[in-house]
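Here is the structure we will look at, set down as structure tokens.
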Amino acid sequence: MPDKKYGKPARPFELWNIGNYETVYWQERQEEYLAFMLKLYQALPLTGFRYLHGRKGDRVVHIGPLNAPVTMEEVEKVVIECRANNFNKADVLGWEWSYEVNELAKALAKKNGVDLKLIQIPSVNEIKSSLVGFDLQLLKVPDEAVEKELLPHIKFVEVAYLEVETEVNGDEVTLRITDFQIPPTAELAEIASKVKDSRELIDYWAIDWDYKGDTFHNQWQSFRTKKNPKVDYEARHKYEEPGEYQIMVKVVDVFGNDTNKVIKLEVGGK
């Protein structure tokens with residue numbers, strides 16, 4: 001039988017975490033949430049501070065909120081408390097990030113003498129998949145279980161740095177990826193000598209030209225192929241109506257990690 005094509009454009013979709021009652025449980029027990037996350041990150045708790053929750057080696061640790069992105073205001077409070085207490089290295093852990101946090105947060109911290117790392121917390125489903133035989137809701141996971149069962153499978157990775165240059169010419173917008181850096185890992189070290197331009201680490205990127213803050217609509221994409229091992233670094237789009245728009249850029253690196261960036265701009269303005 002000949003292949004039949006659907007013949008209609010794909011509709012946008014979302015991935016939902018089903019049954020993550022743990023986040024509801026944690027919301028009602030903030031101290032238990034912080035204690036568990038510090039244990040998972042292998043950090044010791046700190047007391048007597050408002051925004052500094054733990055310490056790992058010579059770095060202080062801040063745990064971001066459960067159901068809200070880490071904001072610049074939050075990062076600023078962490079940096080101020082670091083300065084006031086002579087801490088010069090800090091890790092900020094987050095589930096989600098406000099669109100402006102990455103480069104602005106690091107610039108603010110550097111200006112104040114703080115070496116800042118933004119760390120992505122693994123998804124609840126990723127944590128749960130490693131907790132076979134344990135009840136995460138009760139948070140009664142023995143320390144030895146964290147070390148043996150969780151740590152080999154769970155990775156806290158530093159958030160990648162993505163720099164996108166924007167150009168508005170009337171109703172046309174041009175996006176250009178000018179820099180993409182991922183944190184040093186053993187996997188990166190193996191291929192680093194072959195990478196002449198850090199943007200070569202991009203496996204795929206996509207754009208929603210009118211992001212509404214909920215569902216991501218893939219309206220443009222560029223990906224690597226065997227014949228062309230580099231993605232296009234530039235994308236253009238014409239808007240039919242003038243106004244203020246949010247654009248979301250999604251980048252997937254060669255190791256499968258996602259990096260998102262939201263850009264706000266005005267099109268067709270005088």
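Each value in this text was obtained by applying a stated rule to the coordinates, not by laboratory testing. Computed from a prediction, not measured in an experiment: that's the story for all the values here. Heads up, the Cβs are rebuilt from the backbone with ideal geometry, glycines too, and the neighbour counts pull from every protein chain shown.
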Karplus-derived 3J(HN,Hα), 6.51/-1.76/1.60, for each residue of region 181-193, Hz, glycine and proline x: 10, 10, x, x, 9, 4, 5, 5, 4, 5, 10, 4, 5
Explain nothing, just the number: dipole magnitude of region 224-270 about its Cα centre with +1 on each Lys and Arg Cβ and -1 on each Asp and Glu Cβ, in debye rounded to the nearest 20. 320 debye
Where Cα atoms sit under 25 Å apart: lysine pairs in region 161-267 separated by 8 or more or lying on different chains: 23
Tabulate in residue order the Karplus-calculated ³J(HN,Hα) for region 163-178, using 6.51 cos²θ - 1.76 cosθ + 1.60 with θ = phi - 60°, rounded to whole Hz; enter x for Gly and Pro. 10, 10, 8, 10, 9, 10, 10, x, 9, 10, 10, 10, 10, 9, 6, 9
Mean Cβ neighbour count within 10 Å, used as a protection proxy, ranking 255-264, 116-125 highest first: 116-125, 255-264
Taking amide H atoms as placed 1.01 Å from N in the peptide plane, list the residues 5 or more away in sequence, or in a different chain, whose amide H sits under 5 Å from that of Trp97. Val70
Calc'd 3J(HN,Hα), region 220-228, phi into Karplus 6.51 cos²θ - 1.76 cosθ + 1.60 (θ = phi - 60°), Hz, glycine/Pro = x, comes to 7, 8, 9, 9, 6, 10, 5, 6, 10
Among 44-50, 101-107, 84-90, how do they line up from the highest to the lowest mean number of other beta-carbon atoms within 10 Å? 101-107, 84-90, 44-50
So between Glu96 and Ser198, what do we pick up on full extension, going 0.36 nm a residue minus the alpha carbon distance? 34.3 nm
